[in-house]
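The structure appears below as structure tokens.
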Amino acid sequence: MPIAVPSGVELRLQPALISAKGPKGALEERLPSFIQAALKDGQLLLTADLAASRKAKALYGTVRARLNNMVQGVARGFSKGLEIVGLGYRAEVAGQKLTLSLGHSHPVVFEVPAGVAVAVDAKKTLITLSGASKELVGQTAAKLRALKKPEPYKGTGIRYQGEHVRKKAGKAAAGAAGAAGGGAGGAKK
């Protein structure tokens, strides 16, 4: 399956390395020795001897997907949104440092890696990460989410934009369900 190269993206092919340069940045990807790349009619074509080894067959789709993400990233870029839910939870950005108030006794300072731009909305509860590398943007979002994962009882924490957090009932609801059942399993008097 060929990879369409949009206008404004410049590809440079070397035996074991492909570099892409576009309006959103520049990226490069290493190729395994058993996969060859060629540029033809504005499309990037990959060929591999899939019958020769199982490893070539296993990695072909992964290499193609990574190269497609690289081309799309330098052309349009990728972005990921994170929501902060909780009373007093907020984020502030200063340069490449993100300061988060997450209910700890101290603010958490997160160093955003180079190649990722960060923006915070006016309410200070929505963080938007953007960059050319899909892998780097996704990894940065995962590290931020890991600082305060959404907890299952109130749903507070950092979650991906649009992520649904299933809430648990808690002790009060579990006690009410037990009492309604006719006292079975209740405390002895």
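Laboratory data are not the source of any read-out in this text; all were calculated from the coordinates shown. Owing to the predicted nature of the structure, the values given are computational and were not obtained by experimental measurement. When we count neighbours, we look across all protein chains shown, and the Cβ atoms used for this are built from the backbone with ideal geometry, even at glycine.
Quick notes on this structure:
- Radius of gyration over Kirkwood radius for the stretch 78-160, both on Cα atoms: the Rg/Rh ratio is 0.94.
- Among residues other than Val120 with Cβ under 13 Å from its Cβ, the summed charge is +1 (Lys and Arg +1, Asp and Glu -1).
- The radius of gyration of the Cα set in the stretch 3-75, together with its Dmax, comes out at 12.1, 38 angstrom.
- All-pairs alpha carbon distance profile, the chain, 10 Å steps from 0, percent: 8, 26, 21, 19, 14, 7, 4, 1, 0
- Here the peptides 18-28, 86-96 are ranked by packing, the mean other Cβ count within 10 Å, and the order with the highest first is 18-28, 86-96.
- Applying a threshold of 18 Å to the alpha-carbon distances of Lys80/Lys124; Lys24/Lys80; Lys21/Lys143; Lys97/Lys124 flags Lys21/Lys143 as lying beyond it.
- Tilt relative to the chain, helix 171-180 - C-alpha long axis, 0 to 90 degrees, to 10: 60
- Relative packing of peptides 127-134, 33-40 - highest average C-beta neighbours within 10 Å first: 127-134, 33-40
- Cα centre as origin, Lys/Arg/Asp/Glu Cβ charges: the chain dipole, Debye: 940
- Within the chain, antiparallel bridges make up roughly 100 percent of the DSSP beta bridges whose residues both belong there.
- Additional length obtainable on full extension of the chain from Ser53 to Tyr153, 0.36 nm per residue less Cα span: 31.0 nm
- Dividing the summed -39500 (n - 2.57) terms of all DSSP H runs of n ≥ 4 by the residue count of the chain sets its mean residue ellipticity at 222 nm at -8000 deg cm²/dmol.
- Fully extending the segment from Leu13 to Lys167, taken as 0.36 nm per residue of separation minus the present Cα-Cα distance, adds 50.4 nm.
- The 3J(HN,Hα) values that the Karplus relation (6.51, -1.76, 1.60; θ = phi - 60°) gives for the stretch 6-19 are, in residue order, x, 5, x, 9, 10, 9, 10, 9, 10, x, 10, 8, 10, 10 Hz. Gly and Pro appear as x.
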